[in-house]
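Working notes for the structure below.
Each reported figure results from applying straightforward, stated rules to the coordinates on display, with no laboratory input. Just so we're clear, the structure is a prediction, and the values are computed from it rather than from any experiment. Using ideal geometry, Cβ is built from the backbone for each residue, glycine included, and neighbour counts are taken over all protein chains shown.
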Amino acid sequence: MKKPVIAIIGGGFCGTMTAVNLFRQATVPVEIKMINAEYPLANGVAYSAHTLKYLLNVPAENMGAFADKPLDFANWLIENNFYKPEEREILSKTFQPRKLYGLYLKNVWQQALKTKPGYVDVSVINSTAENIDATEDVYTITLNNADAIKADVIVLATGNAAPQQLVVSKKPLDDYKNYFANPWNEACVSDVKHLKNILIIGNGLTMIDTVLGIRENSFSGTIHTISPNGFSLIPHRHVGTKYTLLQSEIENVKNLHQLRRIVYRHIIKVRNFGLSPELVTDALRATTVKIWQQFTNEEKKTFLRELSYQWNVVRHRTPHHIYDYLLKLREEKKFLPYTGKMKNCFEDEDGKIHVIFANKKTGEDQHLIVDRIINCTGPDSKLQQSDNILVRNLATKGFIVADIFNLGIKTGNNNYSIVDAHGKNHPGVFTLGSNLKGKLWESVAVPELRVQAEETSRQILSFINHKQSIAVS
């Protein structure tokens, strides 16, 4: 019998760890084809950082690539002499460079290749997948620089999308030569020493990385930032502190009203202890997906409308020393965050960009003249506008559709296989990572993604076993 072919599109954390888990779980012969381009395999955009300044936002003690080995990354750091054994306890509470984590993931991949069973074949294809066509039980993947691939199973591990295109007064900012649409492109923080003013659109974690990259490259001017909610990031204040007092209550939560009541009560409790409320959010981490899936669609919509911004502020925090550094820059007037919305802009003959924005705090329009604009508004979840040509093409023809909240890709009720525009489930096409945000809500950090990678591999092998049993009978 021909070996089933599993094509994994995307070589970042999700794609790589799905393959690694297939190595560990497969009990039948399979052939895995990794389709990856642009970023190094096992790293993706997240862990291909061009500087050690970009840090993880999860402590080292919980960054192991395997769900059953959360300390694996911290142990690897010690085993490879980045830290001494006696430094293990403090190391576990630190936020390590993403570039270093990329080296760890490469090691995980290399070790997995060495120990995989002989009946599992794997190859890496350096190409970009552009389209998928379904014919009966076989899928054909069109590549940009190689022959098409036929596969029995496909995994869409496409990762986070680039920020949405910015349009001001009906004119795309892409038209400006000093506008940078991709904050992960090293060019956006390069050649800045001679510049005086840089504007970043967005005030989230990506903005912080961009600020660090700019400053590392000897920029001494002023960094301006604009977003509708202003600068509201908070630091990790209580690393290693665990709050367990709500566990018994949270297990029985059935609806959003109950969750709100319990969470607010415990926030008051931790504040009475002189601690900050993010401890309560962290305590929800293990059960967030379960709670989200128990909510009705109306409750989910209410959460997204009324609570998601607050949730994201508390959940996605920055290391304390980085937060302090930003405050220092702010005191020195080198970092000026604004609350507002762009209204107009134009580029003069010298290449400087004039920006007019509505300043929410002053109630007046404000005029900035900057040398560069960098887009840090966060991933664009609109599938048909995706910078990923495969996602864009599949969405355009209805092979994939957005979930009802437009947060990711629609999948089956009980698994990660996609559902097309006609409501047809494709049991051999799976997705994970940020594409499952509408289904799982928490779907961006390693503690959740490593669980998804294991579950995706189980679902794939179950599908293959079922398909083979039908063929035999």
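Per-structure values
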{"read-out": "Efficiency of FRET from Cβ geometry, N465 and I404, R₀ 30 Å, rounded to 0.05", "value": "0.45"}
{"read-out": "Local electrostatic count, R265, Cβ distance below 13 Å [Lys/Arg +1, Asp/Glu -1]", "value": "+3"}
{"read-out": "Of the trypsin sites (Lys or Arg not before Pro) in region 70-125, those whose Cβ has at most 15 other Cβ within 10 Å and which sit in DSSP loop", "value": "K93"}
{"read-out": "Potential extension, K301-N272 segment - 0.36 nm per residue separation minus Cα distance", "value": "7.3 nm"}
{"read-out": "Total formal charge among the other residues, if their Cβ is under 12 angstrom from that of V45, Lys/Arg +1 and Asp/Glu -1", "value": "-3"}
{"read-out": "Whole-Å semi-axes of the chain's equivalent ellipsoid (Cα gyration tensor)", "value": "37, 28, 24"}
{"read-out": "Cα→Cβ-extended label distance, 7 Å offset, between H316 and D387, nm", "value": "1.5 nm"}
{"read-out": "R0 of 60 Å, Cβ-Cβ distance A146-Y309: FRET efficiency to nearest 0.05", "value": "0.90"}
{"read-out": "HN-Hα J in Hz across region 76-88 - Karplus 6.51, -1.76, 1.60, θ = phi - 60°, x for Gly and Pro", "value": "4, 4, 6, 4, 9, 6, 6, 9, 8, x, 6, 9, 4"}
{"read-out": "Percent of beta bridges antiparallel (DSSP, the chain, rounded to nearest 5)", "value": "45 percent"}
{"read-out": "R458 paired with H50, simple spin-label distance in nm, labels 7 Å along Cα-to-beta-carbon", "value": "4.1 nm"}
{"read-out": "Relative contact order of the chain, pairs being alpha-carbon contacts under 8 Å that are 6 or more residues apart, as %", "value": "18 percent"}
{"read-out": "Ascending count of other beta-carbon atoms within 10 Å, so fewest first, for E332, E61", "value": "E332, E61"}
{"read-out": "Total charge dipole magnitude, the chain, about the Cα centre, Cβ charges on Lys, Arg, Asp, Glu only, Debye to nearest 20", "value": "1060 debye"}
{"read-out": "Residue exposure sequence - D209, D380, D348 - by fewest surrounding Cβ within 10 Å", "value": "D348, D380, D209"}
{"read-out": "Nonlocal amide H pairs with K343, under 5 Å, H built at 1.01 Å", "value": "I356, F357, A358"}
{"read-out": "Where only alpha carbons of region 247-315 are counted, the Rg and the Dmax (Å)", "value": "11.8, 36"}
{"read-out": "Inter-label distance, nm, simple model (7 Å from Cα along the C-beta direction), T115/T135", "value": "4.1 nm"}
{"read-out": "For F295, F82, order by how many other beta-carbon atoms lie within 10 Å, fewest first", "value": "F82, F295"}
{"read-out": "Over 18 Å (Cα to Cα) - which of K99/K334; K328/K360; K2/K33; K196/K361; K177/K333; K301/K410 fall in this group", "value": "K99/K334; K328/K360; K196/K361; K177/K333"}
